[in-house]
1. Using 7 Å Cα-to-Cβ label points, what is the Ile217/Thr105 separation (nm, one decimal)?
2. So how do Leu393, Leu48, Leu215 rank on accessible area, 1.4 Å probe, biggest first, that is with the largest at the start?
3. Name the shape class, rounded, prolate or oblate, that the alpha-carbon gyration tensor gives for the range 260-371, where a ≥ b ≥ c are the square roots of its eigenvalues, rounded holds for a/c under 1.5, and otherwise prolate holds if a/b is larger than b/c and oblate otherwise.
4. From largest accessible area down, sort Phe266, Phe166; use a 1.4 Å probe on the protein chains.
5. How about Lys326: which aspartates and glutamates have a C-alpha closer than 19 Å to its C-alpha, ignoring those fewer than 8 places off in the same chain?
6. Packing-wise, with mean Cβ within 10 Å as the measure, how do 131-139, 73-81 rank, highest first?
7. Scan the range 302-393 for GluC sites (Glu not before Pro) in coil per DSSP, keeping those whose Cβ has at most 10 other Cβ atoms within 10 Å, and list them by number.
8. Kindly provide the helix-only [θ] at 222 nm of the chain, computed as the sum of -39,500 (n - 2.57) over DSSP H runs of four or more divided by all residues, to the nearest 500 deg cm²/dmol?
Amino acid sequence: MKYPRPTIPLKPTLCWPTFTGYHNPTVSSILDNKFVLKVTSGRVAIALALKDGGISSNHKVLVPAYHCTSMIEPVVWTGASPVFYRIHNDTSVDLNDIENKIDSTTKAIIVTHYFGFPQNMNLIRSFCDRYGLTLIEDCAHSFFGVFNSQAIGSVGDYAIASAMKFFPIYDGGILASSKNNVSTINLKPAGWRFHIKTTLNNMEYSFEYRRFPLLRIVLKLPFYIKDLFWKKIKTRKESSEQSLGPGASDGAYEFDPKWLYTPTSFSSRLILSTSSKAHVTGLRQRNYNILHNALSDLKGCIPLFRELPNDVIPYIYPLLVDYPEKVFPILKKKGVPILRFGELLWPDMDTTICDNTMVLSRKLLQFPVHQELKLLEINWMITEIVRAINSSL
Ligand SMILES: *Cc1c(COP(=O)(O)O)cnc(C)c1O
């Protein structure tokens, strides 16, 4: 079924700074770790972490059954075998299940802080120490956060994040560590065409949602020329591997090693370093709480988490819906920006590997809480969600 383009952006878009009074200056981010490397995507950062950690073929890497395939592709690329472990119904890691799956070739584990809510890293760290596992914290949903008063990501041997999920940027992945000096990994600067493409794409997404109406008119001609130019290059290079932007930036799930050593583009770095972190975190929490207050007591759904702790900066609002097969298409058709994490799973995933994953990947709908949502947009979204869920009962 074809759905219309949503009227509200699914991810942050560039826009003029606004003064809302919502600030949370206290929360740190993955960038506060001792060593930081800025690459083009989270999946590239996973691949670099595995490589730096000495993972190769003949090794096994533990990965969560509840995943997106872009987390698994880099594991397969190293030649190692992914071994899927169970999670509990609140997305916390099932260490008993993991214990049963470990053998002498199991070398690393990827642990995801789903939707911004940290796992119990004390337990997981001591477990990894006991079995000699390299611990990779997947902070794709938790760019911001703390654990034991330290920046999120500091407990693992490595941590990765996807900056595109929290900032209005076309490309951006983080590899961080408090233990291994990842900042010395040699990156090769990209060519000028990459920087032009990323700069234009950073603006284009925001124009699509009419965030800069005047600028959009001024730049109409340059964008027209860009589109012509890119179409030409694309058809010319269709057969070769060359592409000007990482697939990760265009919503694809695959891992392309071509981007392994490319640093984050100039324009994305600039936006990342100039965005107010206090503003982003304060507004995400505000938006989450508005959705939570409106939906947590509604019949036909239940929030994944009962409350939002002060130091959790949410990626999205996760809501478990009783009849997702009815609700999801209604909301899509209305133009509510909505996704399901783990909707597409690695082949052969089933309830014997993780019963909870199969439920979550079907029932959990994720609604945006990003900083550029306007109150009017959130209220419209709530009205549509309530209507869709009521009509599903
Ligand atoms: C998106 C995502 C990734 C990969 O990040 P990209 O920047 O898209 O490569 C890894 N882990 C999780 C949990 C994700 O949601």
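1. 6.5 nm
2. Result, largest first: Leu393, Leu215, Leu48.
3. Values: a/c = 1.98, a/b = 1.32, b/c = 1.49.
Taking the square roots of the gyration eigenvalues as a ≥ b ≥ c, the range 260-371 is oblate.
4. On the way: Phe266 145, Phe166 0 Å².
Sorted by accessible area, descending: Phe266, Phe166.
5. Glu343, Glu384
6. Values: 131-139: 23.3, 73-81: 19.2.
The most tightly packed comes first, giving 131-139, 73-81.
7. Numbers: sites: Glu307, Glu325, Glu343, Glu372, Glu377, Glu384; in loops: Glu307, Glu343, Glu372.
When the GluC sites (Glu not before Pro) of the range 302-393 are filtered for loop state and at most 10 Cβ neighbours within 10 Å, Glu307 remain.
8. Details: 12 runs with 145 residues, N = 393.
Taking each H run of at least 4 residues, the total per residue is -11500 deg cm²/dmol.
The values are calculated or read from the model by the stated rules, or taken from the named source; none is laboratory data. A quick note: this is a predicted structure, and the numbers were derived from the prediction, not measured. Cβ atoms come from the backbone with ideal geometry, glycine included; neighbour counts cover every protein chain shown. Surface areas here come from the heavy atoms of the whole protein model, side chains and all, with no ligands, DNA or RNA. Shrake-Rupley method; radii C 1.70, N 1.55, O 1.52, S 1.80 Å.
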